[in-house]
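These notes concern the structure reproduced below.
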Amino acid sequence: MFFAYPTLRGLYLSFTEFHVLTAPRWIGLGNFRQLFADGTFWHSLLVTLYFVGLSVVLGVLVSLVTAVILHRLAVPATVRGLLILPFLISGVVTALVWSWMLDPQLGIVNVVLTKLTGQPVLFFGDGDWAVPALAGLNVWKSMGYNAVLIFAGLQTIPSTVYEAGRIDGASELQMFRRLTVPLLRPILVMVVVLTVISSFQVFDIVQVTTKGGPADASKVLQMYIYDKAFGQFDFGYAATMSLALFVLLAAITFAQLRMARAGEPDTD
């Protein structure tokens, strides 16, 4: 009930012209024709894909390296618990803290950079830096949680597998590539799927830090949907874009799961 009604209501509104103060008016595929011709929508989608790509690649690499270090060093559970703390902090608090730290005049990061390079970096004020900086915040926030998931996967790999690898003369790097990564594939796929979905839903850190700027350089799709719905009260078109985002996420998730099962024997 709590999921079905909003979903069906949103699906219905995507085929209507609805501005809150008047009843929804059925316009068929009118919103979809507007969407295909809307340059801002495609720009926001490209910005979102750029953000998601950086978040997934950097996030999975950093989380995997962190998990391997935790596994090799047998880090106590208390330290592993501390790694999850950024994941428990709200996105608004994360964005506020990092916007202060990255401030071009008073931020501690730019104070250090100015001493090293002679000039600060406009992390949220430069169009080239805005999306990478936002992706960095996203990676910092989710890295600990993903690392703990991968760490749990590493503990399920029997030590006899590595002993057999050493007997065969495999180096540590070869065992990591040919044993660890393939055996972690189910966990890695889950981490990638969760990261992709959460990254596509990014809104709070963008709203607090850049508000989509400068010059729409960081205007992700969620920001555009929010602006259409609550800034211009065009709920019908906003519902259409939300439906398009839902279909895109479902297609990406399905493709990732299919690729993850590629090469596996069909025993179901």
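The values are calculated or read from the model by the stated rules, or taken from the named source; none is laboratory data. All values reported here derive from a predicted model rather than from experimental measurement. Cβ coordinates were reconstructed from backbone atoms using ideal geometry, including for glycine residues, and neighbour counts include every protein chain displayed. Heads up: the accessible areas ignore ligands, DNA and RNA and are worked out on the full protein's heavy atoms, side chains in. Shrake-Rupley method; radii C 1.70, N 1.55, O 1.52, S 1.80 Å.
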Inset, instruction - Towards the positive end of the charge dipole of the stretch 104-237, with charges on Cβ (+1 Lys, Arg; -1 Asp, Glu), say which of Leu116, Val202, Leu179 has the farthest Cα. - result: Leu179
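Under unit Cβ charges (Lys, Arg +1; Asp, Glu -1), what dipole magnitude, rounded to 20 debye, does the stretch 103-182 have relative to its Cα centre?
Details: 5 positive and 6 negative charges, 27 e Å.
So the dipole magnitude of the stretch 103-182 works out to roughly 120 debye.
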Inset, instruction - Give the long-range amide H neighbours of Thr16: residues separated by 5 or more places, or on another chain, with amide H under 5 Å away, using H modelled in the peptide plane at 1.01 Å from N. - result: Ile27
Inset, instruction - Before anything else, pin down the relative contact order of the stretch 8-92: Cα pairs under 8 Å, at least 6 apart, normalised by residue count, whole percent. - result: 13
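Express the relative contact order of the chain as a whole percentage, based on alpha carbon pairs under 8 Å and six or more residues apart in sequence.
On the way: 287 pairs, mean separation 83.0, N = 268.
Normalised by residue count, the contact order of the chain is 31 percent.
For the chain, which whole percent of the accessible surface, found with a 1.4 angstrom probe, sits on carbon and sulfur atoms?
Working: 10700 of 15460 Å².
Accessible surface attributable to carbon and sulfur in the chain totals 69 percent.
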Legend entry - Whole-number accessible area per residue in Å² for the stretch 91-155, which is evaluated in the context of all protein chains at 1.4 Å: 51
Inset, instruction - For the chain, set up a Gaussian network in which alpha carbons nearer than 10 Å are linked by springs, and say which option among Val121, Val202, Val161 fluctuates the most. - result: Val161
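At 0.36 nm per residue, minus the direct Cα-Cα distance, what do Gln256 and Asp204 gain on full extension? Give it in nm, one decimal, please. Mind dumping the intermediate values first?
Details: separation 52, 0.36 × 52 = 18.72 nm, distance 2.62 nm.
Additional length available on full extension: 16.1 nm.
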Inset, instruction - Could you give the C-alpha radius of gyration of the stretch 121-268 expressed as a fraction of 2.2 N^0.38 Å, taking N as the number of residues it contains? - result: 1.40
Inset, instruction - Among [x] 59, 39, 37; [y] 73, 60, 31; [z] 72, 52, 31, find the value of Cα extents along the principal axes in Å that was calculated from the structure presented, and write down its label. - result: [y]
Inset, instruction - Could you rank Trp42, Trp26, Trp98 by how accessible they are, 1.4 Å probe, largest area first? - result: Trp26, Trp42, Trp98
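Taking all protein chains together and a probe of 1.4 Å, list Met175, Met259, Met143 from the most accessible to the least accessible. Before the final figure, lay out the partial values.
Working: Met175 5, Met259 130, Met143 40 Å².
Listed by decreasing accessible area, they come as Met259, Met143, Met175.
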Inset, instruction - Rounded to whole Hz and in sequence order, give me ³J(HN,Hα) for the stretch 40-47 from the Karplus expression 6.51 cos²θ - 1.76 cosθ + 1.60, θ = phi - 60°, writing x for Gly and Pro. - result: 5, 4, 5, 5, 5, 5, 5, 4
Legend entry - Helical contribution to [θ] at 222 nm, DSSP H n ≥ 4, -39,500 (n - 2.57), averaged over the chain, rounded to 500: -21500 deg cm²/dmol
Inset, instruction - Could you run the Karplus curve 6.51 cos²θ - 1.76 cosθ + 1.60 with θ = phi - 60° over the stretch 199-215 and give me ³J(HN,Hα) per residue in whole Hz, x for Gly and Pro? - result: 5, 5, 8, 4, 8, 4, 5, 6, 4, 7, 8, 10, 6, x, x, x, 6
Legend entry - lysines whose Cα lies under 26 Å from that of Lys141, excluding same-chain neighbours fewer than 8 positions away: Lys211, Lys219
Inset, instruction - Starting at the first residue of the stretch 87-92, write each ³J(HN,Hα) from the Karplus equation 6.51 cos²θ - 1.76 cosθ + 1.60 with θ = phi - 60°, in whole Hz, x for Gly and Pro. - result: 5, 7, 7, 5, x, 5
Legend entry - Size of electric dipole in the stretch 127-268: Cβ of Lys, Arg +1 and of Asp, Glu -1, about Cα centre, debye, nearest 20: 80
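Using only alpha carbon pairs under 8 Å that are at least six residues apart, calculate the relative contact order of the stretch 103-210 and give it in whole percent.
Working: 47 pairs, mean separation 26.7, N = 108.
Normalised by residue count, the contact order of the stretch 103-210 is 25 percent.
Normalized C-alpha radius of gyration of the stretch 99-180, against 2.2 N^0.38 Å? Could the numbers behind the result be given before it?
Numbers: Rg = 20.7 Å, N = 82, 2.2 N^0.38 = 11.7 Å.
Scaled against compact globular proteins, the figure is 1.76.
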Inset, instruction - Quickly work out the Leu29-to-Arg166 label distance, labels modelled 7 Å from Cα along the C-beta direction, and quote it in nm with one decimal. - result: 6.4
